[in-house]
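Novice: Below is the structure I would like to discuss, written out as structure tokens.
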Amino acid sequence: MRFSNGIALIQVLLITAMLSIFALFLLSTAKNQVKMSQWSNDKAEALVALHNTESNLLFALLTTSKSPFEQSRVNQSSLLKSEPTIKAKWNFFAKPFFIDDTTEISIQDQAGLIHAQFPNTEHLRAFISAQGVGVHEANAVVDSLLDWQDLDTIPRANGYEKSGLTRNGTIPDIHDLFFIKSMTPELLSKLIKVSTIHRKGSFNPMNSPIELLAALTNERIAKQVIELREAGQLTKRSFTQLTGINEDDNTFFYPSNFLKITLISKIGESRVYKSITIQLLPYAKNNQRPINVLSSRS
């Protein structure tokens, strides 16, 4: 009798243990499902916030002066339906800023970069040389880049032309620089940061990255420009006094309509990223679109 009672007790304990394990499994599964549901909800909210910010920002870019000399600020009444006292100042040299609590924005004026398809050879050579590349090697990269894209088969002094091994047309993507003769992976990664294929018109060094500014002037001057620029105190006059660069037919100190916009929206543990390069056409007529999307990544 006692033996039977012992077996029954063991069976009860085993069943209780199995039920406890099963209950813990269900609890763990429920917690994971709740967490995944929260992630999904946060992701959806982040997407909505990003698209809302993008739409409002594009509207402001089309309707608001981009002049950095007016100390113009993004109008919160048009960009935000929340706190009107929260003010955000945009810039066009890729310094991140916020216009709400969730979305970070950076805008890079493409006019502040080297045009990889039709480069200013002096700027390009100066940048390459500033990376510690010798004069001959720098000339070889510049001439090879030009030979890679021109339509003829006549090599430049330090260039390279060979049937089937040169594009003989403008590059469709900035990473196409990888195929240029004498290009190294290290130089390529640095060139990609300061080059673009999405640019027309004049060069605007006031919105150039510090690496390009340092190459066109020197590190000390570039740092002074960056300090004034980030403090909102850089003017045409102070820029020219510091750098010796003046406005002319090829250089214009005003943000262009070719912009790369990066948006990062974070809610909870969810993060949404989008990068677009656009051409703004504020005075578009007839069948023209006011915004021409040149590239998009998300």
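The values are calculated or read from the model by the stated rules, or taken from the named source; none is laboratory data. Computed from a predicted structure; not experimentally measured. Don't worry about glycine lacking a Cβ; one is built from the backbone with ideal geometry, like all the others, and counts go over all protein chains shown. Accessible surface areas use protein heavy atoms only, side chains included; no ligands, DNA or RNA. Shrake-Rupley method; radii C 1.70, N 1.55, O 1.52, S 1.80 Å.
Novice: Would you confirm whether or not the range 225-237 contains a residue that is under 28 Å from Arg297 (Cβ atoms) and either part of a strand (DSSP E or B) or in contact (Cβ under 8 Å) with a residue 40 or more places away in the chain (or both)?
Specialist: Yes, there is a match, as at least one residue in the range 225-237 is under 28 Å from Arg297 (Cβ atoms) and either part of a strand (DSSP E or B) or in contact (Cβ under 8 Å) with a residue 40 or more places away in the chain (or both).
Novice: Regarding Leu177, is this residue within 30 Å of Ile276 (Cβ to Cβ), assigned to a helix (DSSP H, G or I) and open to solvent by less than 30 Å² (accessible area, probe 1.4 Å)?
Specialist: Here the answer is yes, as Leu177 does meet what is asked.
Novice: I would also like to ask the following. Here's a check for you: in the range 125-149, which residue that is in contact with a Ser or Thr (Cβ under 9 Å, 6 or more places away or on another chain) and small (Gly, Ala, Ser) is farthest from Gly169 (Cα to Cα)?
Specialist: Taking the candidates together, the pick is Ala138.
Novice: Go through Tyr254, Tyr273 for me and flag whichever is aromatic (Phe, Trp, Tyr) and in a loop (DSSP other than H, G, I, E, B).
Specialist: Tyr254
Novice: Please work out which one of (1) open to solvent by 70 Å² or more (accessible area, probe 1.4 Å); (2) free of Cβ contacts under 8 Å to residues at least 24 places away in the same chain; (3) closer than 25 Å to Gln279 by Cα; (4) not aromatic (Phe, Trp, Tyr) is the condition Glu219 fails and give its number.
Specialist: Every listed condition holds for Glu219 apart from (3).
Novice: So how many residues does the range 194-236 have that are within 17 Å of the chain's Cα centre (by Cα) and more than 23 Å from Ser129 (Cβ to Cβ)?
Specialist: Residues flagged as within 17 Å of the chain's Cα centre (by Cα) and more than 23 Å from Ser129 (Cβ to Cβ) within the range 194-236 amount to 1.
Novice: Any residue at all in the range 122-142 that's at pLDDT 90 or above, among the charged types (D, E, K, R) and closer than 30 Å to Phe59 by Cα?
Specialist: No.
Novice: Test of understanding: among Lys190, Lys200, which residue is assigned to a helix (DSSP H, G or I), modelled with pLDDT of 85 or more, open to solvent by 20 Å² or more (accessible area, probe 1.4 Å) and among the basic types (Lys, Arg)?
Specialist: Exactly one residue qualifies, and that residue is Lys190.
Novice: Across the range 38-74, what is the total count of residues that are open to solvent by 50 Å² or more (accessible area, probe 1.4 Å), at pLDDT 85 or above, under 23 Å from Tyr283 (Cα atoms) and not polar (S, T, N, Q)?
Specialist: Summing the residues that are open to solvent by 50 Å² or more (accessible area, probe 1.4 Å), at pLDDT 85 or above, under 23 Å from Tyr283 (Cα atoms) and not polar (S, T, N, Q) in the range 38-74 gives 1.
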